[in-house]
Amino acid sequence: MSAPLKIPLKDIESVTNNFADANFIGEGFLGKIYEGQLSLSGELVDVAVRRLDNSFRLQEIAFEKEISTLTRLEHPNVVSIVGYCYENDEMLIIQK
C-alpha cells in the first residue's frame, strides 16, 4: 500500500464545512468523526475524518501509531487510510 497523503488543514475544513454539526457522524475513543467528500485524482470520494481530541494526553503517540497501523492494513472489512493532517495542533486521519 502506498504512503498516505499529507492533506492541508484548509482542504479538510472545506470538506467538513469547518467540522459542522451537520457533518458529524460519530465519536470514537480518540475523538469525533465527520463526513465529507474529498477530490482525489479528479474524483470525489466519500471520506470520514477523525479529529483527535486535544485533551487525550497521549494523542501524538496514538496518532502516529494509528497512521502506521492503518497504512499496513489491507482487508475488505477495514476502512483504508487516504491521508492525514497534523497542522495548527489539529491531528486528523482521513479514511474512505
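Below is a table of values for the structure above.
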item: Enumeration of residues in segment 14-23 that are open to solvent by less than 80 Å² (accessible area, probe 1.4 Å) and over 19 Å from G83 (Cα atoms); result: A20
item: Filter pass, G36 being exposed (fewer than 12 other Cβ atoms within 10 Å of the Cβ) and part of a strand (DSSP E or B); result: no
item: Leading residue by the ranking (farthest from N88 (Cα to Cα)) among those in segment 42-71 that are open to solvent by 90 Å² or more (accessible area, probe 1.4 Å) and at pLDDT 85 or above; result: E43
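The values are calculated or read from the model by the stated rules, or taken from the named source; none is laboratory data. As the structure is a prediction and not an experimental result, all values here were calculated from the model. Don't worry about glycine lacking a Cβ; one is built from the backbone with ideal geometry, like all the others, and counts go over all protein chains shown. Each accessible area value is taken on the protein alone, full model and side chains, heavy atoms only, with ligands, DNA and RNA left out. Shrake-Rupley method; radii C 1.70, N 1.55, O 1.52, S 1.80 Å.
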